[in-house]
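Only one structure is covered here, and it is reproduced in the block below.
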């Protein structure tokens with residue numbers, strides 16, 4: 001199981017959220033950590049590949065967490081709704 005790392009900006013954003021939302025995010029991250037690399041489990045948790053480097057996990061209806069698969073860890077780099085994620089990805093090359 002890979003370790004989890006957060007971009008500092010994202011960690012600050014998560015800490016500013018209400019406790020209930022933070023719990024949902026924590027559950028989604030644990031699901032990714034437990035099932036990443038096992039494609040038959042991805043469908044049930046809302047995991048999707050966005051680009052060559054980026055993946056997303058859905059948290060509820062509107063919130064998405066974007067992460068990259070690094071050799072030793074899953075690095076979470078962005079959080080936002082569908083449009084914000086699209087905008088973020090356009091800035092990544």
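What follows draws every value from the coordinates through simple rules; no lab data is involved. It should be emphasised that the depicted structure is a prediction, and the values quoted were computed from it without experimental measurement. Cβ coordinates were reconstructed from backbone atoms using ideal geometry, including for glycine residues, and neighbour counts include every protein chain displayed.
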Of the criteria (1) closer than 18 Å to residue 9 by Cβ; (2) touching a helix residue (DSSP H, G or I) at 6+ places or on another chain (Cβ under 7 Å), which one residue 73 fails: (2)
When residues of segment 11-24 are limited to those that are touching a residue at least 12 places away in the same chain (Cβ under 8 Å) and under 21 Å from residue 35 (Cβ atoms), the one surrounded by the most Cβ atoms within 10 Å (Cβ to Cβ): 14
Quick check: is even one residue across segment 41-49 surrounded by 13 or more Cβ atoms within 10 Å (Cβ to Cβ), in contact with a strand residue (DSSP E or B) (Cβ under 6 Å, 6 or more places away or on another chain) and on the phi > 0 side of the Ramachandran plot? yes
Since residue 55 meets every condition but one in (1) without any contact (Cβ under 8 Å) to a residue 60 or more places away in the chain; (2) part of a helix (DSSP H, G or I); (3) touching a helix residue (DSSP H, G or I) at 6+ places or on another chain (Cβ under 9 Å), which condition does it not meet? (2)
Being in contact with a strand residue (DSSP E or B) (Cβ under 6 Å, 6 or more places away or on another chain), in a strand (DSSP E or B) and over 15 Å from residue 26 (Cβ atoms) is the filter here; which residues of segment 65-88 pass it? 66, 68, 73, 75, 77, 78
In this structure, is residue 32 buried (at least 18 other Cβ atoms within 10 Å of the Cβ), farther than 17 Å from residue 3 by Cβ, touching a strand residue (DSSP E or B) at 6+ places or on another chain (Cβ under 8 Å) and in contact (Cβ under 8 Å) with a residue 24 or more places away in the chain? no
